[in-house]
1. Being in a loop (DSSP other than H, G, I, E, B), touching a residue at least 12 places away in the same chain (Cβ under 8 Å) and within 29 Å of I60 (Cα to Cα) is the filter here, so list the residues in region 80-116 that pass it.
2. Please state which of the following conditions D148 fails to meet, knowing it meets all the rest: (1) over 17 Å from N225 (Cβ atoms); (2) touching a residue at least 12 places away in the same chain (Cβ under 8 Å).
3. What about F176, is it buried (at least 22 other Cβ atoms within 10 Å of the Cβ) and in contact (Cβ under 8 Å) with a residue 24 or more places away in the chain?
4. Do you know which of the residues in region 304-326 that are polar (S, T, N, Q) and part of a loop (DSSP other than H, G, I, E, B) is modelled with the highest pLDDT?
5. For region 213-238, which residues satisfy the criterion of being of a type in the set (F, W, Y) and either touching a helix residue (DSSP H, G or I) at 6+ places or on another chain (Cβ under 6 Å) or under 19 Å from T184 (Cα atoms) (or both)?
6. So which helices (runs of 4 or more DSSP H) stay within region 195-303 end to end and still have 1 or more residues that are of a type outside the set (F, W, Y), under 24 Å from L160 (Cα atoms) and at pLDDT below 95?
7. Which one is surrounded by the fewest Cβ atoms within 10 Å (Cβ to Cβ), of the residues in region 77-103 that are at pLDDT 95 or above and not hydrophobic (A, V, I, L, M, F, W, C)?
8. Cβ contacts < 8 Å: first residue assigned by TED's automatic domain parsing to the domain that holds P159, restricted to region 229-255; second residue exposed (fewer than 14 other Cβ atoms within 10 Å of the Cβ) and modelled with pLDDT of 85 or more, any location; separation 6+ or different chain. Result?
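The values are calculated or read from the model by the stated rules, or taken from the named source; none is laboratory data. Not measured: the values here are computed from a predicted model. Because the Cβ atoms are built from the backbone with ideal geometry, glycine has one as well, and the counts that use them run over all protein chains shown.
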Amino acid sequence: MRKVGEVIGLLNSKALSDAVLMTMTIEARALSSFSSTQIEGNPIPLTDVKRIIKSQPSTIKDTEREVLNYNKAILVLDKQIKDNQIGELSNQFICKVQKIVIDGLINNSYKGKYRNEPVFVNDPIKRETVYLPPDAKDVEPLMTDLVDFVNANEAEIDPLIIAGIFHKQAVIIHPFMDGNGRTTRLITKTLLAKLGINTFPLFSFENYYNNNVTRYFQKVGVLGNYYDITNSIDFTEWLEYFTDGILDELNRIILEFPQYQERLEPHHRKIIEYLKEHGSITAREYARITDRAQSTRKLDLKKLTNLGLIKAIGNGKATYYVLKTK
């Protein structure tokens with residue numbers, strides 16, 4: 001938790017021009033809209049997401065509407081945060097966000113209200129039901145308990161813990177007929193901002209989940225029948241993963257700041273881009289993607305390590321490097 005605070009402090013200490021801030025905000029919003037909808041199976045690539053958001057076409061497919069709806073929800077919530085219009089969390093507020101998310105995508109009877117029908121969570125690969133959420137009659141009482149917990153503990157529990165607990169518990173309750181994941185991620189972003197960790201302007205925590213969707217579902221989801229497992233659900237692994245995700249995205253954004261870009265040569269950025277794509281790099285792998293001499297390659301890796309952007313794992317010939325996220 002302390003490390004997240006340190007990184008946020010570093011970001012807040014940067015003097016960004018309005019132009020740079022606007023560019024980064026637009027990029028973050030597009031990345032969030034792309035990531036959160038792709039998690040749910042939307043196939044539109046990031047380049048097209050950016051185009052759709054910019055052009056706002058009047059005739060659109062459902063997949064495009066999903067993206068535009070998510071982007072609209074971000075804009076609405078971000079404005080409310082800036083105008084200090086976000087009060088206590090409420091069932092009404094959660095339902096309003098869901099209404100924006102699924103507008104034009106499902107029957108109006110399912111918009112902006114908790115479900116009154118059963119739902120099932122299926123494994124898309126095995127094509128079988130893996131989780132049975134609580135009965136419809138229990139949804140509103142369970143969500144009310146969750147809302148009350150958040151409001152009662154805002155000043156007592158770390159913001160990351162509060163937001164993380166809300167995220168997983170809302171997924172477990174599965175309160176809507178459609179739009180559960182997207183709505184939960186948006187409410188989580190709002191809670192973080194309200195509690196002092198505003199992810200709306202500069203970075204996309206949804207991107208972290210989308211980079212490994214299988215792992216995200218494993219951490220946030222549960223298996224079985226809600227009533228059989230409710231008293232044995234452990235939030236610990238999820239909260240660790242949730243916190244690492246915030247920190248990972250914060251560090252990713254630090255790399256985008258002009259102050260860092262000015263300190264990095266093209267060969268340094270090539271290492272960073274390789275790590276973003278592959279997760280790790282060895283000295284031998286770096287040699288394959290550059291024509292720099294061995295002595296300078298060592299200095300390149302050393303500089304990025306000293307800047308705190310990457311870290312070495314292992315010793316000797318077994319050493320490899322990863323992006324430093326904690």
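1. Of the residues in region 80-116, the ones in a loop (DSSP other than H, G, I, E, B) are 83-90, 102-107, 111-116.
Checking which are touching a residue at least 12 places away in the same chain (Cβ under 8 Å) leaves us with 86, 88-90, 102-106, 111-116.
Result: I102, D103, G104, L105, I106, K111, G112, K113, Y114, R115.
2. (2)
3. yes
4. Here the residue is T319.
5. Within region 213-238, Y216, F217, Y226, F235, W238 qualify.
6. Correct list: 205-210, 213-220, 236-254.
7. Looking at residues that are at pLDDT 95 or above and not hydrophobic (A, V, I, L, M, F, W, C), I get Q92.
8. Pairs that qualify, where the first residue is assigned by TED's automatic domain parsing to the domain that holds P159 and the partner is exposed (fewer than 14 other Cβ atoms within 10 Å of the Cβ) and modelled with pLDDT of 85 or more, are I229/L223; Y241/R215.
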